[in-house]
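In what follows, a structure is listed as structure tokens, so that the remarks can point back to it.
No value in this document is a laboratory result; all are computed from the given coordinates. Remember, predicted model here, so these are calculated numbers, not experimental data.
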Amino acid sequence: MPKLVRAAELARQANISPQRVCRLIKEKRINRNEKMLIDLDHGLKVIKAGRLFDKDILKNESKFEKTELKDIAAERLKHEKYKVLLLELEYLEKKGELIERKEVIEKGQLIVNTVKSRLLSLASILSPLVAPEMTAREAEVLIRGKIIEVLTELAKMENL
């Protein structure tokens, strides 16, 4: 004859919570009789089978979770690095040590154009001083040509 027990007794003997036993009853995995009693052997078998099933699931899930956790940790680390870099950039910007790319380009173009115009103006300044046998116009053309040569060479250099 089967030993009949209440849900709380089954939970105690199976070392699970009474709520878990109630959930198994609601899921119709464990049956109760009309007096609300449970066959102890049947209840323990259902719980044991459930544990084995849960262990298999946990084994597969743990493999998945480990790789997933590694991915999450790597992404979190990347995110933290970017946050630190962003804070550094904001600090440098507030400190005045960081300027926008557009500003650098504009300032660079202004400097290059100023240097170019100053060099080219040298031709008209130096032409009367060059050679007395040349006319001022010939000397200016000669100096201008040499300055353009130098500027062309400078434009071809990659390090500037």
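Longer than 30 Å from Cα to Cα, which of LYS3/LYS26; LYS3/LYS28; LYS78/LYS156; LYS78/LYS102; LYS81/LYS156 are they? Say none if no pair is. List each step's numbers first, then the result.
Working: LYS3/LYS26 21 Å; LYS3/LYS28 19 Å; LYS78/LYS156 40 Å; LYS78/LYS102 28 Å; LYS81/LYS156 39 Å.
Where the Cα-Cα span goes over 30 Å, the pairs concerned are LYS78/LYS156; LYS81/LYS156.
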Problem - Alpha carbon centroid spacing (whole Å) that separates the stretch 1-52 from the stretch 97-128 - result: 89 Å
